[in-house]
Amino acid sequence: MRLSAALHTETAQKPKTAIVMLNMGGPQTVDEVGAYLHRIMTDRDMIQLPVQSRLGPWIASRRTDEVKKKYMEIGGGSPILKWTNLQGSMLTKALDQMLPESAPHKHYVAFRYVPPFTDETFEQLEKDGIERAVIFSQYPQYSCATTGSSLNAIADFYRKRQIPQNIKFSMIERWPTHPLLAKVFTERIKEKLEKFDSSLRNDVLIMFTAHSLPLKAVSRGDTYPHEVAATVAATMNELKLPNPHRLVWQSKVGPLPWLQPYTDDAIKAYSKQGRKHLILVPIAFVNEHIETLHELDIEYCEELAHEAGVIQIERASAPNDHPIFIAALADVVAKHLTNGPRVSKQFLSRCPHCVSERCKSSKEFFRKLCSQSSLKDQTYA
Ligand code: FES
């Protein structure tokens with residue numbers, strides 16, 4: 001009796017559908033900072049340097065102490081894993097309710113630069129006997145440097161081993177204009193607008209800020225700038241307020257030209273123009289991490305804004321565990337599981353000036369991976 005009850009529970013809990021959440025990840029402790037920077041600086045999908053195999057590690061080691069100090073100042077490590085796991089648990093709980101035919105759903109995390117890495121996560125999928133796997137980018141706006149890099153890591157993993165025949169794969173590589181994503185950003189903006197005196201609330205300048213991109217990548221045809229702009233437009237449309245707004249770019253690295261205006265320069269310039277009430281809205285991050293907690297909160301809001309004579313500056317929270325954001329994630333995945341496509345034509349097309357054989361072979365790999373049927377009988381798309 002007891003044995004059959006135990007077996008029943010085990011069967012009931014065996015996950016059927018995996019939601020694999022891709023992100024760059026961040027060091028959990030300061031001891032991981034050196035290896036994390038080394039992996040970023042040697043990833044040619046993320047950044048291209050001359051003699052990268054030597055220059056990349058050299059830059060990483062030169063920056064390690066400074067970056068360690070920043071992580072110490074935000075509590076000793078990145079909260080990305082904590083937020084991603086919480087979002088994943090809430091998402092799969094919602095999916096179990098919405099789509100009993102593909103339940104139980106289980107979330108997995110695949111980070112690019114810190115554990116849990118792509119390899120160990122995809123090995124775990126196979127061990128768990130998953131039937132259906134949705135590869136789900138946690139960057140709402142696609143860039144060949146971010147989501148593209150994570151997808152290339154999956155293609156690399158399967159180059160070295162047999163593709164499991166019993167898992168049906170598909171991917172969601174972008175979702176920049178989902179209405180609930182725009183809605184959660186408007187909620188986060190309104191939370192901060194409340195902090196301003198009502199007499200000047202409509203004049204607060206809303207400064208959307210996103211990680212910048214080298215101009216070389218923009219000229220190659222990377223879709224990230226226009227997808228970020230699309231999220232901004234959807235958010236302002238949903239906000240229905242008369243406030244002025246701009247899109248600015250942060251976190252530039254190295255001497256080459258990147259997409260501008262830079263967030264710090266824009267804060268200073270607006271203060272000079274007499275615009276001294278601002279909200280910063282991180283529009284391309286779905287959870288808090290070093291660029292929000294240190295760069296925006298400490299370097300810009302506490303230090304730079306004060307020096308520049310800004311009177312009041314607030315920073316909108318990332319979506320994190322806001323219920324509207326969890327509803328957005330659930331809706332994106334549920335629609336995908338129900339209607340597909342398993343891989344989008346947009347993903348399969350390359351940037352007009354892409355010359356990377358790696359991109360070419362990776363797209364070909366996903367075309368095949370996402371078109372094969374699993375051996376199991378499938379009752380949903
Ligand atoms: Fe964009 Fe290759 S760089 S597809």
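The values are calculated or read from the model by the stated rules, or taken from the named source; none is laboratory data. What you see is a predicted model, and the numbers here were worked out from it, not measured in a lab. For neighbour counting, all protein chains shown are included, and Cβ atoms are generated from backbone atoms with ideal geometry for every residue, glycine included. To get the accessible areas, we keep the full protein, side chains included, count just its heavy atoms, and leave off ligands, DNA and RNA. Shrake-Rupley method; radii C 1.70, N 1.55, O 1.52, S 1.80 Å.
Can you list the residues, at least 5 places off or on another chain, whose amide H is less than 5 Å from the amide H of E314, using H built in the peptide plane?
L278, I279, L280
Check cross-link reach from K363 to the aspartates and glutamates: straight Cα distance under 17 Å, and skip same-chain residues fewer than eight apart.
D45, D156, E173, D222
Relative to the longest principal axis of the C-alpha atoms of the chain, give the angle of the C-alpha long axis of helix 147-159, reported between 0 and 90° and rounded to the nearest 10°.
30
Pairing the Cα long axis of helix 323-339 with the longest principal axis of the chain, what angle in degrees results, from 0 to 90 and rounded to the nearest 10?
The angle comes out at about 40 degrees.
Are there cysteines in the chain with no second cysteine's Cβ under 4.7 Å away, and if so, which?
When partners are defined as cysteine Cβ atoms under 4.7 Å apart, the chain leaves C144, C301, C359, C370 without one.
With runs of 4+ DSSP H residues as the only contributors, calculate the mean residue ellipticity of the chain at 222 nm using -39,500 (n - 2.57) per run, divided by the residue total and rounded to the nearest 500.
Helix-only estimate at 222 nm: -14000 deg cm²/dmol.
Give me the percent of accessible area attributable to carbon and sulfur for the chain, probe 1.4 angstrom. Mind showing how you got there, number by number?
Details: 9420 of 17250 Å².
Reported share for carbon and sulfur atoms: 55 percent.
Residue by residue through the stretch 196-205, what is 3J(HN,Hα) from phi via Karplus (6.51 cos²θ - 1.76 cosθ + 1.60, θ = phi - 60°)? Round to whole Hz and write x for glycine and proline.
Result, ordered by residue: 8, 4, 4, 5, 10, 4, 6, 9, 5, 7 Hz.
Give K82/K195; K93/K192; K69/K168; K252/K276; K216/K268; K192/K252 a once-over and call out the pairs whose C-alpha atoms are over 32 Å from each other. Provide the component values of the computation, followed by the final result.
Working: K82/K195 28 Å; K93/K192 30 Å; K69/K168 44 Å; K252/K276 24 Å; K216/K268 26 Å; K192/K252 26 Å.
Violating the 32 Å limit, Cα to Cα: K69/K168.
What longest range of the chain stays clear of loop-exposed trypsin sites (Lys or Arg not before Pro) (DSSP non-H/G/I/E/B, at most 10 other C-beta within 10 angstrom)?
That would be 1-159.
What is the extension gain from N166 to E364, computed as 0.36 nm multiplied by their sequence separation minus the C-alpha to C-alpha distance, in nm to one decimal? Before the final figure, lay out the partial values.
Values: separation 198, 0.36 × 198 = 71.28 nm, distance 2.02 nm.
In short, 69.3 nm is gained.
I'd like the orientation of helix 118-127 relative to the chain: the angle between its Cα long axis and the longest Cα principal axis, in ° from 0 to 90, rounded to 10.
Computed tilt is about 30 degrees.
May I ask for the net charge around L99, where only other residues with Cβ less than 15 Å from the Cβ of L99 are counted and Lys, Arg are +1 while Asp, Glu are -1? Please list the in-between numbers first.
Details: positive: K16, K93, K106, R132, K168, K335; negative: D96, E101, E131, D331.
After counting each charged neighbour, the total is +2.
How far apart, in nm, are the 7 Å Cα→Cβ label points at D203 and K240?
Modelled inter-label distance: 2.5 nm.
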